[in-house]
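Everything on this sheet refers to the single structure shown next.
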Amino acid sequence: MPVYDYVVIGGGTAGSVIASRLTEDPDVSVAVIEGGPSDVDREDVLTLRRWLGLLGGDLDYDYPTTEQPRGNSHIRHSRARVLGGCSSHNTLISFKPLPGDWDEWEQAGAEGWGAESMDPYFSRLRNNIVPVDEKDRNAIARDFVEAAREAAGVPRVEGFNAKPFHEGVGFFDLAYHPENNKRSSASVAYLHPFLDRPNLHLMLETWAHRLELEGTRAKGVHVRTKEGEEVYVEAAREVLVCAGAVDTPRLLMHSGIGPKADLEALGIPVVHDLPGVGENLLDHPESVIVWETDGPIPENSAMDSDAGLFVRRDPASNGPDLMFHFYQIPFTDNPERLGYEKPEHGVSMTPNIPKPRSRGRLYLTSADPAVKPALDFRYFTDEEDYDARTLVDGIRLAREIARTEPLAGWLKREVCPGPEITSDEELSEYARKVAHTVYHPAGTCRMGASSDELAVVDPQLRIRGLDGIRIADASVFPTMTAVNPMIGVLMVGEKCAELLAEAATLGGEA
Ligand SMILES: Cc1cc2nc3c(=O)[nH]c(=O)nc-3n(C[C@H](O)[C@H](O)[C@H](O)COP(=O)(O)OP(=O)(O)OC[C@H]3O[C@@H](n4cnc5c(N)ncnc54)[C@H](O)[C@@H]3O)c2cc1C
């Protein structure tokens, strides 16, 4: 039976950071259990601009959503099955979470996670985070930035991570190498340089399906290797669950850790009743408006969605409350299902809800670990209809931007929803039915005060009521960051590594 000091389940975004930091100490042994293959030498994975081609393919767990009566029931949630996790197939838009995001976490019971305490972890990140390179700045994206600045009345931002902002438009910071369009994912930045460390053991294409506990102490994990062999991997110090916002609660529940009644109903023996597991499912839904352009647009780009806009409609909000990605492609996957055409040449603006109020739930439907869990995001179900109204405001603003030069000169006609759709009701109906996800599920094992019954981990990321086991990934987010979450996940990884080092120095583990 293999025994390592630490067993990291999931060599994804946060897991790569933790494994890398722990193995800086040559006396510490770490096993990484990763469901997917290596990304080393995989040009299809490592080339940022090929991200769209990875979705739905062999390297995607591809989770469906349950029926969404007020939204789009056809959304599929891509989750990467490859070293580096979602940082190996995402668009690598890189935002340090805003001070208001961290402070909200602290107010939600995550003591020690306020903005001031979290700031130093950003500067520790090993990823190459740089603004979209000049050569990658497409002429139409540049003109979107100018038109949005004018129409939305917001400042132009050069380097969104330079200082906190409430509003602004500009080119994103990306975690990439502009000279060759290669990713600076979690695996590239944190694992590739250290693959020869003798104390780092990668178990690739190996699936963790049940945690092993002795009383309240986590001992290890049962895995199935690529060859179909059942192996038990033990942790001498701690188990770190880093399988992401879908697979972390899934693994916990299959191990008997979760809401007692739900587990019993499926015949899963309850090991530890933890009602918050799978609750608080968050996402960043967005809608889309598509224009046909007057002919082809130039082809240069980092990844086809290189610029964006943040607006604060409510001055009392502690951050932006409406966001847009600008796509240099006609993004019509969902509108086409409703009968809309795809123009040969076009662009899209995607109104996005930075702080959505609807809360969903992830749950099991079977005791068989091979059956995918159910993801019920309950999109657009918040009582005040805030989420849907945000999209309606977004479509109206997008139209103003489209009417403004220098963008207006490029655009031939609005394809979806089309200029005849103008009332709030019609716009809301359209916006919700074509809504897609930007793949930011989070919150399903949320962090909170140790007295909070629905918290799954405490502010040291330890699972409530258990020893020797922590969670570090997007599932611990108490609330959604207003900005894209990957940098927040990497910072969770850095902070977790520090918590582990502190615990080891004190001589006691979780
Ligand atoms: C298409 C797409 C685009 C995105 N674009 C952006 C963006 O531009 N900017 C941004 O900030 N965010 C973006 N995101 C979101 C961001 O990538 C994620 O929030 C973040 O990477 C999640 O990190 P994680 O560590 O929680 O999980 P992951 O990175 O998903 O890591 C989980 C790892 O665990 C492994 N795993 C899961 N279950 C098991 C198991 N049982 N056994 C063994 N291994 C297992 C998986 O294979 C995976 O490697 C995007 C996401 C997607 C999918």
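Centroid-to-centroid, using Cα positions, segment 434-510 and segment 220-238 are 23 Å apart. Oblate is the label for segment 296-384, because the ratio a/c of its alpha-carbon gyration tensor axes (a ≥ b ≥ c) is 1.5 or higher and a/b is not greater than b/c.
Volume per residue, Å³, of the convex hull around the alpha-carbon atoms of segment 15-91? Mind showing how you got there, number by number?
Details: hull volume 9.5 nm³, N = 77.
Spread over its residues, the Cα hull of segment 15-91 gives 123 Å³ apiece.
Ligands, DNA and RNA excluded, the heavy atoms of SER358 present near 10 Å² of accessible surface to a 1.4 Å solvent probe. Of THR47, THR350, the residue with the largest accessible area leads and the full order is THR47, THR350 (1.4 Å probe).
LYS163 sits with roughly 150 Å² accessible to a 1.4 Å probe, with DNA, RNA and ligands left out of the calculation. Modelled this way, with points 7 Å down the Cα-to-C-beta line, the labels at HIS74 and LYS226 are 3.6 nm from one another.
Estimate the FRET efficiency between LEU195 and GLU67 by the formula 1/(1 + (r/R0)^6), using the beta-carbon distance for r and 41 Å for R0, to the nearest 0.05. Walk me through the numbers before you get to the answer.
Working: r = 44 Å, r/R0 = 1.07.
The computed FRET efficiency comes out at 0.40.
About its Cα centre, the chain has a charge dipole of approximately 180 debye under the convention of +1 per Lys or Arg Cβ and -1 per Asp or Glu Cβ, with nothing else charged.
Relative to its Kirkwood radius, the Cα radius of gyration of the chain gives an Rg/Rh of 0.96.
Rolling a 1.4 Å probe over the protein heavy atoms leaves ASP27 with an accessible area of roughly 130 Å².
Among the lysines of the chain, pairs that are 8 or more positions apart or on different chains and have alpha carbons within less than 27 Å of each other number 23. Subtracting the Cα-Cα distance of ARG217 and LYS412 from 0.36 nm times their residue separation leaves 63.8 nm of extension gain.
What FRET efficiency would be calculated for the residue pair ALA374, LEU506, taking the C-beta separation as r and a Förster radius of 35 Å, to the nearest 0.05?
Details: r = 40 Å, r/R0 = 1.16.
Step by step, r from the Cβ atoms, then E = 0.30.
Using the Cβ-Cβ distance between HIS345 and GLU264 with R0 = 60 Å, the FRET efficiency computed as 1/(1 + (r/R0)^6) comes to roughly 0.60. Using 0.36 nm per residue and subtracting the Cα-Cα separation, the extra length available between ILE329 and GLU134 on full extension is 68.3 nm. In order along segment 123-140, phi translates into HN-Hα couplings of 6, 7, 4, 8, 6, 8, 9, 9, x, 3, 5, 3, 5, 8, 8, 5, 4, 6 Hz, rounded to whole numbers, per the Karplus curve 6.51 cos²θ - 1.76 cosθ + 1.60 with θ = phi - 60° and x for Gly and Pro. Label positions at GLU179 and ARG403, each projected 7 Å from the Cα along the C-beta direction, are separated by 4.7 nm. Output the 0 to 90 degree angle, nearest 10, between the alpha-carbon long axis of helix 244-254 and the longest principal axis computed from the alpha carbons of the chain. It is inclined by approximately 40 degrees. Figure legend: label point modelled 7 angstrom from the Cα of ALA162 along Cα→Cβ; residues of segment 93-133 with amide N under 12 Å from it are 131.
Where does segment 370-432 land on Rg/Rh, using Cα atoms and the Kirkwood Rh?
Rounded to two decimals, Rg/Rh equals 1.15.
The equivalent ellipsoid that matches the C-alpha gyration tensor of segment 406-474 spans semi-axes of 47, 15, 9 angstrom, in descending order.
Run the accessible area of segment 403-510 with a 1.4 Å probe and give the carbon-and-sulfur part as a rounded percent.
Numbers: 1800 of 3540 Å².
Roughly 51 percent of what the probe reaches on segment 403-510 is carbon or sulfur.
With each label modelled as a point 7 angstrom along the Cα→C-beta vector, the ALA236-GLU426 pair spans 7.0 nm. Listed values for segment 40-51 are Karplus-derived 3J(HN,Hα) couplings in whole Hz (6.51 cos²θ - 1.76 cosθ + 1.60, θ = phi - 60°), namely 5, 6, 8, 4, 5, 8, 6, 7, 4, 5, 8, 4, and x replaces Gly and Pro. Across segment 240-308, counting alpha-carbon atoms alone, Rg and Dmax equal 21.4, 62 Å. Note that segment 26-33 has calculated 3J(HN,Hα) couplings of x, 8, 9, 9, 9, 9, 10, 9 Hz, one per residue in order, obtained from phi through the Karplus relation 6.51 cos²θ - 1.76 cosθ + 1.60 (θ = phi - 60°); glycine and proline are x.
The values are calculated or read from the model by the stated rules, or taken from the named source; none is laboratory data. These numbers were taken from a predicted model, which means no experiment stands behind them. Here Cβ is always computed from backbone atoms with ideal geometry, including for glycine, and neighbour counts include all displayed protein chains. SASA here: full protein model, heavy atoms, side chains in, ligands and nucleic acids out. Shrake-Rupley method; radii C 1.70, N 1.55, O 1.52, S 1.80 Å.
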